[in-house]
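Working notes, structure below.
The values are calculated or read from the model by the stated rules, or taken from the named source; none is laboratory data. All values derive from a computational prediction rather than experimental measurement. All Cβ positions, even for glycine, are placed from backbone atoms using ideal geometry, and neighbour counts span all protein chains on display. The accessibility values were calculated without ligands, DNA or RNA, using every heavy atom of the protein model including side chains. Shrake-Rupley method; radii C 1.70, N 1.55, O 1.52, S 1.80 Å.
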Amino acid sequence: MILARFLGPRVWILVAVILAAAVLVPMANLGLPRDHPLHVPSYAVQLWGRFVCYALLALALDLVWGYVGILSLGHGAFFALGGYAMGMYLMRQIGARGGYGNPVLPDFMVSLNWKELPWYWYGFDQFWFACLMVVLVPGLLAFVFGFFAFRSRVTGVYLSIITQAMTYALLLAFFRNDMGFGGNNGLTDFKDILGFPIQAVSTRAALFAASCVALAIGVLLVGWITRSKLGKLMIAVRDAESRTRFIGWRPEYVKLFAFTVSGVMAGVAGALYVPQVGIINPGEFSPLNSIEVVIWAAVGGRGTLIGPVLGALLVNYGKTIFTTVWPETWLFLLGGLFVFVTLLLPRGIVGTIDHGFDAFRATRRARDAEKGEAAGAVPNPAE
Amino acid sequence: MVETKVAGKVAGDVHTLTTPQGSGPGKPVRNAAEAAGPRPVEERSRGPGERAVVEPGPAGPQAESSHREPDVSPHPYAALMRERRLAAEAEGRARRDTLLYLSGVTKSFDGFKAINNLSLVIEKGEMRAIIGPNGAGKTTMMDIITGKTRPDRGEVFFNGDVDLTHHDEAAIASMGIGRKFQKPTVFESHTVEDNIRLSLSGPRSVLEALVHRKDEAERERIEAILETTRLTDKRKTFAANLSHGQKQWLEIGMLLAQDPELLLVDEPVAGMTDAETEETARLLREIAATRSVVVVEHDMSFVRALGVKVTCLHEGSVLSEGSLDKVSNDPKVIEVYLGR
Amino acid sequence: MNRAIPWLLLSLAVLLFGPGPAAAQQAEADPAAIVQKFGGKQSFDATEAVIAELAATGDERVARALRALRDGDLYWRESDEAVFVATRKGGDYEIFDPITGASAGTVPSGDLQKVRVKNSIRNAVTGALGTLTLRADNPAQRMRAASTLFSEADPEMIGPLDAAIAAEEDAAVKARMEEARASAVLASDLPAEDKAAAAKVLAGRADRESLTMLIRFAGATDDPVARQAAEAAIVAIQNNIAFWNQMQNVWYGLSLGSVLLLAAIGLAITFGVMGVINMAHGEMVMLGAYTTFVVQEFIRNNAPGLFEWSLAIALPLAFLVSGAVGLVMERGLIRFLYGRPLETLLATFGVSLILQQAVRTIFGPSNRQVGNPDWMSGAFDVGLMSVTWNRLWIIVFALVVFLALLAVLNRTPLGLQMRAVTQNRRMAAAMGIRTPWVDAMTFALGSGIAGIAGVALSQIDNVSPNLGQSYIIDSFLVVVFGGVGNLWGTLVGAMSLGVVNKFLEPYAGAVLGKIVVLVLIILFIQKRPRGLFAQKGRFVDA
């Protein structure tokens, strides 16, 4: 809200930083010799590539939570669905190189004694089709789910709980072998993407760059939406939903729009994530994953553009450090983070800084206004 | 309308007393009574005067009845149906000229009748003040008009023939009914200007809002509303930082931006200073020059300042209606509301 | 509160320490020792004496040895005169213990001597078998004998059964004997009319065993009258079995429902009444289960005799542990977040992570063993369905907790204050109620009840740090489905969800059934966002 005026330059700075990373990091990884001080090791490229996908996911959540006030505890579902769509493409790319050497069927289907490819696997050998599904499947789920939920005015914690139930239901469903998505083990052992070997350093660097570009597009998209009149309407819905109704808007459609766009963004994030980690399994649907996304956005500052990006990168970097150094303590820390942020830092890092800045501006403006008021233009009611 | 009902009632009653084959000295009288309502002649000439001629009861129309008899459909059920249709048409005519028409509205919550057989008519261009003790059903009435609550029974019509019970809040708002809540409800994270911009009448589609561009006409309308509500120099202020009174004005400004035909204003001056109250009364009178306004208010001096027709609600129905002097001298009103 | 807790605990203790299993141990002559008297070279008279002695034990386990004797399958080993039941296996004999029937290996045929029999001995055995069990004094024993004979379907026993039926006075035992006779008749070479009548008797019994018996019979017989009767009986039995299958489903459903009720009932207080969304609720349940574990460990190490009482000891402790954690949470965290439900959700989720990890650090990540006391173990049959004691007790327990909670809410000063505070906080405060204290106590009560639920759930579920997570979503759904703020709704919601779940399972499988239920609830919330028993009122959606 406070950002409204400063959104412009800040969006562009953020986008520029992300795009610079998209170019410079792969260059530093591939172009510089190993012993060069600015060389970026390959594992770091892979690591931060994942974090960038998380950042996009957090941004997607921020669009619905920060701007429209819908706390979704099921965004991991959209992420995972996008990931599965990409995973299915990567599975089909394995072809006859799988353990059983079947040119069409993925290994897990052969071991289940399946004879034919299920119909919903058709088309995933084409990259464009997979990309379409990456957008369509999460988008459609978000649309249908949102349509029913928002139309019947399910709000607040009720909505949070049924989004969590949604991802929980999908978790259970994807664990089943006969769903045809690899059951417990999920989809893995990918070989190549668009003909490039998926393990290769250069492919990894390219995926990193692609993730950064996607994030930059995401930031611009969310920036554009939130700066439009629709964005103002979203905040209006967040703060006083019934008021928007009584001036003739339909908040359910506003929410549905945001939820669907957000679902698609999460799906894209998942699709970029899967080739970088090399596996997608039902664990991605677990409610814990979804709720972790919430804390990324909360730490960085919801309702801002930079906040969720920053939060996702920070929290995940912290998680990497802690889980390698003191694995026991990470859940304590994560739990503590939830408590700390909600209790003491409800605006998040970016929000708190902005708020301080805004308070400063407000006092200055009040001082200016005092001078003007001395002239006595309007009867100003006593507070 | 009342007369029609009485006539129908008589017809029905008489019929139940008579066997279809009944004959003898009583018959003509009965026929006359049965004929009283359903006659085609009646339909054309439903003025109260003419009615009076027909109505005078069993004794009067005896002579007439003998020559009218042949036109009459003898079937009592058809007569009853026609009665109902005529009554409905009469009602339709009666409400056609009104802006807001509530008839027999009832709404109960867990057995508690918040609104009990309430009937209320607001004419086009009228300003009406509604008073009444707490729990009289004022807020529930507004909920029903604006579509937030569906009544259990009764009719709510806007502009004569739009049945409001079939529409939701957004649709009703778009038809031109604006509502101000008891507690000022504005978008606190937005500036005053943005609050009004979001309320401006116009397309309400999500995609339009996404690609919407500000233009000169819009700016002028906002300017005008800011002027009316005395908020011009606060246009860049966040609504959260406004004083209570300014929030109330902003909310009224948002209603104006909607360009409604009817404004429902719930306790606009609660918590205001005297100066603010006076200013608000002026604002409402100014608005009422071009639109209909319904104001719910406890502050009697404010109601007096408005100087309009007053309706006093009590336990979900109209207790008294008329000028403020008439209502405030009504013993029933004094009993339940004003106190002795 | 002060008055409520002892009352609650007392009722729980009474509940859990009701009837224990009556130990039916009697001092009896050891049949195994008597059977050994068949060993060695014996006169027929001596053999007959042993038969009489065996019959006198009244122990139906000796029937195995007696039948073997009659059929010429009873042997004694030359080396030590030990007695065995033996069957020929190639050139050797496989030998079995005459009492237990456990295999004792194989021996060459030369090592064994047959216990000699003649017709009078055989008659003595048949008579003994009849009197031994069918004529025993104890009706339960006669009942068991008839049941054994039923599954054996031994035509030789028709005679003794007829005699026993004529003498039997207990109607239930008599019916069972008639069924046993019918099964024997089906296996005999009696005329078809008798078999048709027997099929009718079996149709009356109508369980899976008689079904297989009849199916086998109908396949084997070539008499049309008997087959028709058998087929009619088969249809009747299948219908009966289908009915009991439904009953079993209902039972499983109620059992699951009671588990859901236990898990959700504390939530009905914290979420339903107070409106606080506590994501750490499942962890309160988990703490209760771990309290049970600790209590049992302590008892095992220090006072093994108290093991039967371990659950009763764990109950108040679990209530206190979870209640105390709840109290700390409310005072230290939740009270700062009243009116901000989404923030409460996140913060309590953080607490749930911390509690889980704490338990994982202290007790390890794997499942811990929590034992069932004897009175929680085992099962019994009702009609054709099997009812396990632990499930039964948990249903009873859930209902008692539910009623106790209702009583606390409606009959105690704390309950009154709680309702006052939730309905109109400011007015309650103005009346002199210390609302922060009531908030804290309410939350502690809800948490404590979750702890009690944990004690019960430790009896049927794995006690692991993840115990709570598996219940939290279900619990919320139950509360939301039943209608927030309505305890009866929670009861009906839990039970109906349990039953629907179990009825879906046979058609859709456990996982898919669960998914279907989730989807149904989501759709249901669409239709009635305020649950099954919505509270109505002007201020509900204010």
- line: A careful count of residues in the range A:302-326 that are open to solvent by 40 Å² or more (accessible area, probe 1.4 Å), hydroxyl-bearing (S, T, Y) and more than 26 Å from C:V359 (Cβ to Cβ) gives 1
task: Tell me, please, whether a residue that is hydroxyl-bearing (S, T, Y), in contact with a strand residue (DSSP E or B) (Cβ under 8 Å, 6 or more places away or on another chain), at pLDDT 90 or above and in the same structural domain as C:R425 (by TED's automatic domain parsing) can be found in the range C:289-299.
output: yes
query: Quick one: in the range B:161-174, which of the residues that are open to solvent by 40 Å² or more (accessible area, probe 1.4 Å) and not acidic (D, E) is nearest to the other protein chains (Cβ to nearest Cβ)?
result: B:S174
task: Collect the residues in the range A:151-170 that are touching an Asp or Glu at 6+ places or on another chain (Cβ under 8 Å) and either open to solvent by less than 10 Å² (accessible area, probe 1.4 Å) or facing chain C (nearest Cβ under 8 Å) (or both), keeping them in residue-number order.
output: A:R151, A:R153
- request: State which residue is farthest from C:N410 (Cα to Cα) when the search covers only the range C:464-523 and only residues that are assigned to a loop (DSSP other than H, G, I, E, B) and facing chain A (nearest Cβ under 9 Å).
  value: C:G509
Pairs where the first residue, in the range C:260-281, is part of a helix (DSSP H, G or I) and the second is aromatic (F, W, Y) and crowded, with 24+ Cβ neighbours inside 10 Å, C-beta under 6 Å, 6+ apart: C:A263/C:Y471; C:T270/C:F443
message: With the structure loaded, tell me whether A:G267 is open to solvent by less than 10 Å² (accessible area, probe 1.4 Å), modelled with pLDDT of 95 or more and not hydrophobic (A, V, I, L, M, F, W, C) or whether it fails that test.
response: yes
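Report those helices (runs of 4 or more DSSP H) wholly inside the range A:186-265 carrying at least 3 residues which are β-branched (V, I, T). Walk me through it before giving the result.
Numbers: elements: A:201-227, A:229-239, A:241-246.
In the range A:186-265, the matching helices (runs of 4 or more DSSP H) lie at A:201-227.
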- prompt: For A:S262, are the conditions met, namely being touching a residue at least 60 places away in the same chain (Cβ under 8 Å), more than 9 Å from chain B (Cβ to nearest Cβ) and within 30 Å of A:G98 (Cα to Cα)?
  reply: no
- prompt: Of the conditions (1) closer than 30 Å to A:R302 by Cβ; (2) open to solvent by less than 30 Å² (accessible area, probe 1.4 Å), A:A210 fails just one. Which one is it?
  reply: (2)
query: Which of the residues belonging to the range A:224-242 are without any contact (Cβ under 8 Å) to a residue 24 or more places away in the chain and surrounded by 24 or more Cβ atoms within 10 Å (Cβ to Cβ)?
result: A:K232, A:L233, A:A236
Only one of A:L136, A:L117, A:L170 that is hydrophobic (A, V, I, L, M, F, W, C) and over 30 Å from A:W65 (Cβ atoms): A:L117
- prompt: When you scan the range B:240-330 for strands (runs of 3 or more DSSP E) that lie fully inside it, which ones turn up with 3 or more residues that are more than 30 Å from B:R204 (Cβ to Cβ) and either open to solvent by less than 10 Å² (accessible area, probe 1.4 Å) or within 14 Å of another protein chain (Cβ to nearest Cβ) (or both)?
  reply: B:309-314
- prompt: What number of residues in the range B:222-239 are assigned to a helix (DSSP H, G or I), open to solvent by 20 Å² or more (accessible area, probe 1.4 Å) and over 13 Å from B:E251 (Cα atoms)?
  reply: 6
- prompt: Just one of C:A358, C:A440, C:A450, C:A347 is over 30 Å from A:V293 (Cα atoms) and assigned by TED's automatic domain parsing to the domain that holds C:I269; which is it?
  reply: C:A440
statement: The correct count of residues that are open to solvent by less than 70 Å² (accessible area, probe 1.4 Å) and assigned to a loop (DSSP other than H, G, I, E, B) in the range A:327-353 is 2
task: Please verify whether the range B:175-183 includes one or more residues that are modelled with pLDDT of 85 or more, within 12 Å of another protein chain (Cβ to nearest Cβ), touching a helix residue (DSSP H, G or I) at 6+ places or on another chain (Cβ under 6 Å) and open to solvent by 50 Å² or more (accessible area, probe 1.4 Å).
output: no
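Run down C:V250, C:V273 and say which single residue is under 24 Å from C:V400 (Cβ atoms), in the same structural domain as C:R391 (by TED's automatic domain parsing) and open to solvent by 20 Å² or more (accessible area, probe 1.4 Å). Spell out how you get there, then give the answer.
On the way: C:V250 fails: in the same structural domain as C:R391 (by TED's automatic domain parsing).
Residue meeting the stated conditions: C:V273.
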- line: Cβ pairs under 6 Å, 6+ apart or interchain, first in the range B:172-188 and more than 14 Å from B:M142 (Cα to Cα), second among the polar types (S, T, N, Q) and assigned to a helix (DSSP H, G or I), ordered by first then second residue, are B:P184/B:Q248; B:V186/B:N195; B:F187/B:N195
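Results for (1) touching a strand residue (DSSP E or B) at 6+ places or on another chain (Cβ under 9 Å); (2) without any contact (Cβ under 8 Å) to a residue 40 or more places away in the chain; (3) in a helix (DSSP H, G or I), shown as yes or no for each residue.
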| site | (1), (2), (3) |
| --- | --- |
| A:P26 | no, no, yes |
| A:N29 | no, no, yes |
| A:C53 | no, no, yes |
| A:A58 | no, no, yes |
| A:A80 | yes, no, yes |
| A:Q93 | yes, no, yes |
| A:L117 | no, yes, no |
- prompt: Is it the case that C:A379 is in contact (Cβ under 8 Å) with a residue 12 or more places away in the chain and of a type in the set (G, A, S)?
  reply: no
- prompt: When residues of the range A:315-352 are filtered for being free of Cβ contacts under 8 Å to residues at least 24 places away in the same chain and away from chain C (no Cβ under 14 Å), how many remain?
  reply: 4
message: Taking the condition of being part of a helix (DSSP H, G or I), among the hydrophobic types (A, V, I, L, M, F, W, C) and buried (at least 24 other Cβ atoms within 10 Å of the Cβ), how many residues in the range A:270-286 meet it?
response: 4
query: Is it true that some residue in the range B:211-221 is within 20 Å of B:P260 (Cβ to Cβ), assigned to a helix (DSSP H, G or I) and open to solvent by less than 50 Å² (accessible area, probe 1.4 Å)?
result: yes
Candidate set: the range C:338-367, residues that are surrounded by fewer than 23 Cβ atoms within 10 Å (Cβ to Cβ) and at the interface with another protein chain (Cβ under 7 Å from one of its Cβ atoms); chosen: the one farthest from A:D239 (Cα to Cα): C:T361
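For (1) in contact with a helix residue (DSSP H, G or I) (Cβ under 7 Å, 6 or more places away or on another chain); (2) within 30 Å of C:A440 (Cβ to Cβ); (3) at pLDDT below 80, each residue gets a yes or a no:
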| position | (1), (2), (3) |
| --- | --- |
| C:I5 | no, yes, yes |
| C:A13 | yes, yes, yes |
| C:G39 | no, no, yes |
| C:G58 | yes, no, yes |
| C:D80 | no, no, no |
| C:A86 | no, no, no |
| C:I95 | no, no, no |
| C:A102 | no, no, no |
field: Complete set of residues in the range B:184-199 that are more than 9 Å from chain A (Cβ to nearest Cβ) and within 19 Å of A:L230 (Cβ to Cβ)
entry: B:E193, B:I196
